[in-house]
Amino acid sequence: MDFRFTPEQEQFREEVREFLRQELPADWQGAGGYGDEGGEATRELSRRMMAKLAERKWLAMAWPEEYGGLAASHMQQLIYNEEMSYQGAPGSFSMGVAWVGPAIMLYGTDEQKQRYLPRITGGEDVWCTLYSEPEAGSDLASLQTKAVRDGDDFVINGQKIWTSNAQGSQWGWLAARTDPEAPKHKGISTFMVSMDTPGITIRPLINMAGQSGFSEVFFENVRVPKENLVGELNRGWYQVAVALDFERSGIQAYAGGRRTLERLIEFVQQHPDETVRRNPMLRMRLADRAVELAAGTYIAYRIPWMQSQGMIPNYEASISKLYGSELTQRLALTGVQLLGTYGGLEPGSKWAPLHGRLERSYLSSVASTIAAGTSEVQRSIIATRGLGLPRG
Ligand SMILES: Cc1cc2nc3c(=O)[nH]c(=O)nc-3n(C[C@H](O)[C@H](O)[C@H](O)COP(=O)(O)OP(=O)(O)OC[C@H]3O[C@@H](n4cnc5c(N)ncnc54)[C@H](O)[C@@H]3O)c2cc1C
């Protein structure tokens, strides 16, 4: 087994690092969490970074060149994601790049490809994902939002929930029911919806960290031109299922976690109190997290490696998502335990160690085992598809 990257890959890694050294502010602490941390300043930096990344064609580097990518290898994409996530750089993740664009590439018409894909790779359009509903999350096929054909339009009525970055998105990638009579998996279609269409109301939700990263989105007689249907009518469920596979290589959790661990180690090493530096319990926990991060990183590396060998990762991606999200929570817990009473102070407090990052991570990490498929759902996939056990 050879775990080394090739000289070309190492060179590319250095190029990404150099880019980040140039573009990120010297005091950059990382975007972190799922919220609106940093407010307008972070958003402005994010816009700037997107433009620079688009210039280099790095935003969607794995996409084919004809759609504005670099046809980069899976390993190159992994290296890019790893470096971006290690620094918590804005622009490192986009739903447009991760699954909307790939779905349009697979199922869209030529006209749709030409119109929408370059605006994703150019960083002009930001997309949100309109799947979950109050009564449809893990069991997404139960969704009730309806799209009814009326002349040249579809008319959308219903409610979505937990829509990340709904407010900051120009476009929404919507799954809606188009045949209420058909079995539930066979009556769903996917649409591209401009988020400023009349009849759409976005109501931000505040999470337990006080951030408003996601929203409820209400549709009241929203007219979407029939040209915005993507793929075949009533085949949306199968398109969503395929599109979701683009999301789950999982290196982000391990790369970001490695940076957090390094900060914690530095904190302990520089602590003036020797009892903290030598605290056996903290040392053991930090050592455990270090081992887990190393193991998780290789779990994540395996996925692009499989893709590079022509294999299609399936339950392997669930292993990475499950292990990475639960490790994110363990690491955040270790962090707040290590920082002691001060570890609970929010960013902005002058006494908050490590700029309050751990308090933020601790609260926002709760969502990591829910977003993009819960831990129970991942375990179920691993049990059935990975271990060959019957469905529970
Ligand atoms: C931070 C965050 C961002 C999100 N962003 C988006 C977004 O941008 N767009 C979007 O559409 N959605 C988004 N979601 C929604 C997310 O996809 C759902 O929350 C998730 O799929 C779980 O669905 P649910 O909340 O309805 O919980 P439920 O599905 O109701 O689950 C409740 C509990 O039951 C368990 N459970 C459910 N079914 C099973 C089963 N078959 N076997 C065992 N246990 C089961 C679950 O694991 C969970 O513990 C986001 C969620 C979060 C937390």
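The values are calculated or read from the model by the stated rules, or taken from the named source; none is laboratory data. Since the structure is predicted, the reported quantities are computational estimates derived from the model, not experimental observations. Positions of Cβ are generated from backbone atoms using ideal geometry, with glycine treated the same way; all protein chains shown enter the neighbour counts. The protein model used for the area step is the full one, side chains on, heavy atoms only, and it has no ligands, DNA or RNA in it. Shrake-Rupley method; radii C 1.70, N 1.55, O 1.52, S 1.80 Å.
Among HIS185, HIS74, HIS271, the largest mean-square fluctuation in a Gaussian network model of the chain, built with springs joining Cα atoms closer than 10 Å, belongs to HIS271. Each Lys and Arg contributes +1 and each Asp and Glu -1, all at the Cβ; summed about the Cα centre of the chain, the dipole is approximately 800 debye. Calculated mean residue ellipticity at 222 nm for the chain: -13500 deg cm²/dmol, from DSSP H runs with n ≥ 4 weighted as -39500 (n - 2.57), summed, divided by the residue count and rounded to 500. For MET281 and TYR342, a Förster radius of 22 Å and the Cβ-Cβ distance give a FRET efficiency of 0.80, rounded to the nearest 0.05.
Across the stretch 127-234, how large is the tail of the calculated P(r) beyond 16 Å, expressed as a percent of all Cα pairs? That tail contains 55 percent of the Cα-Cα pairs. Ordered from longest to shortest, the equivalent ellipsoid semi-axes for the stretch 24-140 are 24, 20, 14 Å, each the square root of 5 times a Cα gyration tensor eigenvalue.
Average accessible surface for the chain: 50 Å² per residue, computed with a 1.4 Å probe over protein heavy atoms with every protein chain in place. Relative to the longest principal axis of the Cα atoms of the chain, helix 315-339 runs at roughly 40 degrees. Applying 0.36 nm per residue to the separation of THR42 and ASN314 and subtracting their alpha-carbon distance, the gain on full extension is 94.5 nm. In sequence order, the stretch 142-153 has phi-based couplings of 7, 4, 10, 4, 9, 10, 10, 5, 9, x, 8, 10 Hz under the Karplus curve 6.51 cos²θ - 1.76 cosθ + 1.60, θ = phi - 60°, and Gly or Pro positions carry x. Which angle from 0 to 90°, rounded to the nearest 10, does the C-alpha axis of helix 280-308 make with the longest principal axis of the chain? So the helix axis and the longest Cα principal axis differ by about 40 degrees.
Its residues counted as N, the stretch 100-181 yields a C-alpha radius of gyration over 2.2 N^0.38 Å of 1.18.
Measure off, as a whole percent, the carbon and sulfur share of the 1.4 Å-probe accessible area of the stretch 7-93, all protein chains present. Its accessible area is 48 percent carbon and sulfur atoms. Amide H contacts of GLY231: THR109, each under 5 Å away and 5 or more positions distant or on a separate chain (H built 1.01 Å from N in the peptide plane; Pro and chain starts excluded).
Positive end of the dipole of the chain (Cβ unit charges, origin at the Cα centre): among VAL16, LEU345, VAL100, the Cα lying farthest that way belongs to LEU345. At an R0 of 30 angstrom, the distance between the Cβ atoms of ALA182 and ALA51 translates into a FRET efficiency of 0.10. Return the single residue from GLU181, GLU133, GLU44 with maximal mean-square fluctuation; model: Gaussian network over the chain, springs between Cα atoms under 10 Å. Answer for the Gaussian network model of the chain: GLU181. Each listed q (0.17 Å⁻¹) maps to a log10 I(q)/I(0) for the stretch 77-139 from the Debye sum over equal C-alpha point scatterers, namely -0.74. Between ASP153 and LYS226, the built amide H atoms are under 5 Å apart, and every one of these is 5 or more places off in sequence or on another chain. Shape class for the stretch 338-383: prolate, because the ratio a/c of the largest to smallest gyration tensor axis (alpha-carbon atoms, square roots of eigenvalues) is 1.5 or more and a/b beats b/c. What pairs in LYS52/LYS113; LYS52/LYS146; LYS52/LYS226; LYS57/LYS186 have C-alpha atoms more than 30 Å from each other? Listed pairs above 30 Å: LYS52/LYS146; LYS52/LYS226; LYS57/LYS186. Considering all different alpha carbon pairs of the chain, the Kirkwood hydrodynamic radius works out to 22.2 Å. Per-residue 3J(HN,Hα) values for the stretch 48-56, derived from phi via the Karplus relation 6.51 cos²θ - 1.76 cosθ + 1.60 with θ = phi - 60°, read 4, 5, 4, 5, 5, 5, 5, 4, 7 Hz in sequence order (x marks Gly and Pro).
Spacing of the modelled spin labels on GLU266 and ARG203, each 7 Å from Cα toward Cβ, amounts to 4.3 nm. Where in the stretch 166-194 does the amide nitrogen come within less than 14 Å of the point 7 Å from the Cα of ARG391, taken along Cα to Cβ? Label zone hits: 184-186.
Kindly provide log₁₀ I(q)/I(0) values, in the same order as q = 0.12, 0.14, 0.19, 0.22 Å⁻¹, from the Debye equation applied to equal alpha-carbon scatterers of the stretch 186-301. The calculated log intensity ratios at q = 0.12, 0.14, 0.19, 0.22 Å⁻¹ are -0.76, -0.86, -1.10, -1.19.
Taking the charge dipole of the stretch 236-323 about its Cα centre, with +1 at Lys and Arg Cβ atoms and -1 at Asp and Glu Cβ atoms, the residue from LEU264, MET311, VAL291 reaching farthest to the positive side is LEU264. Between helix 251-269 and the chain, what is the angle of the helix's C-alpha long axis to the longest principal axis, kept within 0 to 90° and rounded to the nearest 10? The two axes meet at around 20 degrees. For the stretch 251-386, the orientation-averaged shadow of the C-alpha convex hull comes to 9.0 nm² (one quarter of the hull surface).
For SER164, the residues 5 or more places off, or on other chains, whose built amide H falls under 5 Å of its own are THR129, SER215.
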